[in-house]
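The values are calculated or read from the model by the stated rules, or taken from the named source; none is laboratory data. Since the model is a prediction, treat every value here as computed from it, not as a measurement. A quick note on method: Cβ atoms are made from the backbone with ideal geometry, for glycine too, and the neighbour counts reach across all protein chains shown.
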Amino acid sequence: MSGSHTGAEQRVVVVGAGIAGLAAAHRLLGRGARVTVLEASERVGGKLLPGEIAGARVDLGAESMLARRPEAVTLAREVGLSDRLQPPATATASLWTRGALRPMPKGHVMGVPSSADALAGVLSDEGLARIGQDAELPRTEVGDDVAVGEYVAARLGREVVDRLVEPLLGGVYAGDAYRISMRSAVPQLFWAARTHTSLTEGVRDIQAKAAATADRQTGPVFMGIEGGVGTLPPAVAASVRARGGEIRTGTPVTELRREPAGGWRVVTGERELRADAVVVAVPAPAAARLLRAEAPGAAAELAGVEYASMALVTLAYRRAETDLPAGSGFLVPPVDGRTIKASTFASRKWGWIDQENPDLMVLRTSVGRHGETEILGRDDAGLVEVSRHDLLAATGLDATPVATRVTRWQDGLPQYPVGHHARVARVREHLAALPGLTVCGAAYDGVGIPACIASAYEAADQIHGEAPHDVRDVTATR
Ligand SMILES: Cc1cc2nc3c(=O)[nH]c(=O)nc-3n(C[C@H](O)[C@H](O)[C@H](O)COP(=O)(O)OP(=O)(O)OC[C@H]3O[C@@H](n4cnc5c(N)ncnc54)[C@H](O)[C@@H]3O)c2cc1C
């Protein structure tokens, strides 16, 4: 940010150019602020990363956006990607459970079924029978929050958690269903649990409400982008720049200090920027470091947020040599002791990958859950080997891939344990005392792309309401 500030235009620094930081910048520019985004790494996008394998464009990070809430799809349209939005070509997925790939049962809320119907094979006979007890059991109190696994196991038995809820939740959070907060991760179940004694009845109620909305809200549940969801951040960045925003990569922020006269001093290595307001859009550990000096209470809370690491293994095969079962891939319940936690048949799931590479079959597997450190200690060849081993066992695929690629996401996903909402509320309480400072991103109100964008808009709107300080905009050398 150079030049001097004369008018009432608000100068805002956004720290972090993941999808949250970019969305915040986009929103602030729309409100007339002057925006500088500072990104530590050499590229924008964070967990969204477009890449390539055997000449095929693919996503090496996040690949799919929930379309039942508007933020991600709307942002993609706003930055010119309307024509490239594409729903999955097939939504049929499987569960690799009890020794076979079985169709993912329909009609569940994050794996919680509305009845035992259609679960034969997925669960044992005892597991199926246990679901019936839900109707007779007395109420299970959930208090202020409860672990998803604990509550669902109490109502429907552990098999439902281990074979249905765990693989679905694990796919989103790379976490452990017996630790993850029901209130933060599956809020609709939490509210159903508060209002219904029977969980299956609560699920039916959620489904009835969803069906009523679906009448009005047609269209796919998920959406991808031709070329990869990883192309969204560069498109947002281009739009930010086109509207006068500045984005500096390779610029880690090391310190945030309040100015005595109001406003903020943002330190990046040898340089400093002055701003009326700062949006901190970095993962919790980095946010904790930046907030330590001026908001030690918030920093202490953020330092306690745990993260799960994971790796994605992308494999490209000659299509003529692969004969995969139908569908877009499968999820794997950890209870069976397999190593991979999911596999996506990317060429099947995304029409653009299929059409651009008719001779290839691109697959990916994911490995690593919260607390699982051994598996990610293996080298890339080791991760490819376990992926191929599990793919062979699940699908019979024994061809040799023409290319493989391992993408490691160290501390990629924040964990939302029981009480997460209260932690986030305490962070915001601490920050409320500091005008012109807000936080957003995956650590707060949801890890999915639309939730990150929503938190960014909230952060941007919050500071937009605040008056700019009359400070000179200096880029100084310390
Ligand atoms: C492997 C994987 C797959 C996923 N798949 C999906 C999916 O299919 N669909 C979905 O909806 N969600 C998915 N998610 C979740 C989602 O992608 C992320 O939660 C989301 O992208 C996080 O965005 P963010 O902007 O909050 O953080 P990040 O993407 O982490 O961005 C934060 C940015 O801040 C920068 N930064 C850090 N410290 C500093 C500093 N001191 N100064 C300046 N910059 C700094 C970082 O370099 C980074 O660029 C996935 C996540 C992972 C890890």
Filter result (exposed (fewer than 14 other Cβ atoms within 10 Å of the Cβ) and under 26 Å from ASP205 (Cα atoms)) within the range 93-114:
LYS106, GLY107
Filter the range 413-454 for residues that are in a helix (DSSP H, G or I) and near the ligand (Cβ under 8 Å from one of its atoms); which is nearest to VAL15 (Cα to Cα)?
CYS452
GLU301 passes all but one of (1) in contact with a His (Cβ under 8 Å, 6 or more places away or on another chain); (2) without any contact (Cβ under 8 Å) to a residue 60 or more places away in the chain; which number fails?
(2)
Which residues, counting only those in the range 376-412, are part of a strand (DSSP E or B) and under 26 Å from the mean Cα position of the chain (by Cα)?
THR404, ARG405, VAL406, THR407, ARG408, TRP409, GLN410, ASP411, GLY412
Before we move on, is ALA72 out of contact with any His (no Cβ under 9 Å at 6 or more places or on another chain), touching a residue at least 24 places away in the same chain (Cβ under 8 Å), within 16 Å of the ligand (Cβ to nearest atom) and more than 21 Å from ASP205 (Cβ to Cβ)?
yes
Could you list, in sequence order, all residues of the range 98-156 that are hydrophobic (A, V, I, L, M, F, W, C), within 29 Å of the chain's Cα centre (by Cα) and in a loop (DSSP other than H, G, I, E, B)?
MET104, MET110, LEU119, VAL122, VAL142, VAL146
Criterion (touching a Ser or Thr at 6+ places or on another chain (Cβ under 9 Å), over 14 Å from PRO283 (Cα atoms) and within 13 Å of the ligand (Cβ to nearest atom)) met by exactly one of ALA40, ALA62, ALA17, ALA24
ALA24
Pair list, Cβ < 7 Å and 6+ apart or interchain, from the range 161-187 residues that are touching a residue at least 24 places away in the same chain (Cβ under 8 Å) to residues that are acidic (Asp, Glu)
ALA177/GLU166; TYR178/GLU150; SER181/ASP145; MET182/ASP145; ARG183/ASP145
Consider VAL203 carefully, then state whether it is hydrophobic (A, V, I, L, M, F, W, C), closer than 30 Å to ARG155 by Cβ and buried (at least 19 other Cβ atoms within 10 Å of the Cβ).
yes
Exactly one of ARG77, ARG84, ARG31 is more than 14 Å from the ligand (Cβ to nearest atom), in contact (Cβ under 8 Å) with a residue 12 or more places away in the chain, among the charged types (D, E, K, R) and touching a strand residue (DSSP E or B) at 6+ places or on another chain (Cβ under 8 Å), and that one is ARG84
Working only within the range 35-93, note down all residues that are assigned to a helix (DSSP H, G or I) and among the hydrophobic types (A, V, I, L, M, F, W, C).
ALA72, VAL73, LEU75, ALA76
Taking first residues from the range 428-444 that are over 14 Å from ALA299 (Cα atoms) and second residues anywhere that are more than 15 Å from the ligand (Cβ to nearest atom) and of a type in the set (A, V, I, L, M), the pairs with Cβ under 7 Å that are 6 or more apart or on different chains are GLY436/ALA277; GLY436/ILE463
Quick one: in the range 455-468, which of the residues that are touching a strand residue (DSSP E or B) at 6+ places or on another chain (Cβ under 8 Å) and more than 16 Å from the ligand (Cβ to nearest atom) is modelled with the highest pLDDT?
GLN462
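Please go through the range 265-277 and pick out each residue that is in contact (Cβ under 8 Å) with a residue 40 or more places away in the chain and either within 27 Å of SER366 (Cα to Cα) or within 11 Å of the ligand (Cβ to nearest atom) (or both).
Once the filter is applied, which keeps residues that are in contact (Cβ under 8 Å) with a residue 40 or more places away in the chain and either within 27 Å of SER366 (Cα to Cα) or within 11 Å of the ligand (Cβ to nearest atom) (or both), the range 265-277 yields VAL266, VAL267, THR268.
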Residue within the range 240-250 that is farther than 21 Å from GLY45 by Cα, within 14 Å of the ligand (Cβ to nearest atom) and touching a strand residue (DSSP E or B) at 6+ places or on another chain (Cβ under 6 Å) present
no
Set GLY250, GLY262: member being under 25 Å from the mean Cα position of the chain (by Cα), at positive phi and part of a loop (DSSP other than H, G, I, E, B):
GLY250
Return a yes/no flag: does the range 145-160 have any residue that is touching a Gly at 6+ places or on another chain (Cβ under 8 Å), surrounded by 14 or more Cβ atoms within 10 Å (Cβ to Cβ) and closer than 29 Å to ARG348 by Cα.
yes
